[in-house]
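This report concerns only the one structure given below.
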Amino acid sequence: MDRLTVAKIALALAGVGMFAYGVRAEDTVVRWIGIGLVVVAFLLRFFKTTKPD
């Protein structure tokens, strides 16, 4: 796996984890940070990776 794929997976998992913690702790700020991380992971989907020959 390349670095971009690892970053997408890490951001998505961190976002889901933070969102779940925010729901459990009833903290809206943490929830929004979690949503933001998932959105960033989604937007990274549109970046193209270059494959070496």
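Once you keep just the Cα pairs under 8 angstrom separated by 6 or more residues, what percentage relative contact order results for the chain? Before the final figure, lay out each step's value.
Working: 49 pairs, mean separation 20.8, N = 53.
Contact order relative to length: 39 percent.
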**Prompt:** From Cα coordinates alone, what are the radius of gyration and Dmax values for the chain in angstrom?
**Reply:** 13.4, 50
**Item:** Contour excess over end-to-end distance, with Cα ends at Y21 and V39 and 0.36 nm allotted per residue
**Value:** 4.8 nm
**Request:** May I ask you to list the residues of the range 4-32 whose amide nitrogen lies under 20 Å from a point 7 Å from Cα along the Cα→beta-carbon direction of T49?
**Result:** 4-15
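What accessible area per residue comes out for the chain, rounded to a whole number of Å², with a 1.4 Å probe?
I get 84 Å² per residue for the chain.
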**Carbon plus sulfur fraction of accessible area for the chain, probe 1.4 Å, in percent** = 68 percent
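The values are calculated or read from the model by the stated rules, or taken from the named source; none is laboratory data. Remember, it's a predicted structure, so these values are computed and weren't measured experimentally. Note: ideal-geometry Cβ built from the backbone for every residue, glycine included; neighbour counts use all protein chains shown. Areas reflect the complete protein model, heavy atoms only, side chains present, ligands, DNA and RNA absent. Shrake-Rupley method; radii C 1.70, N 1.55, O 1.52, S 1.80 Å.
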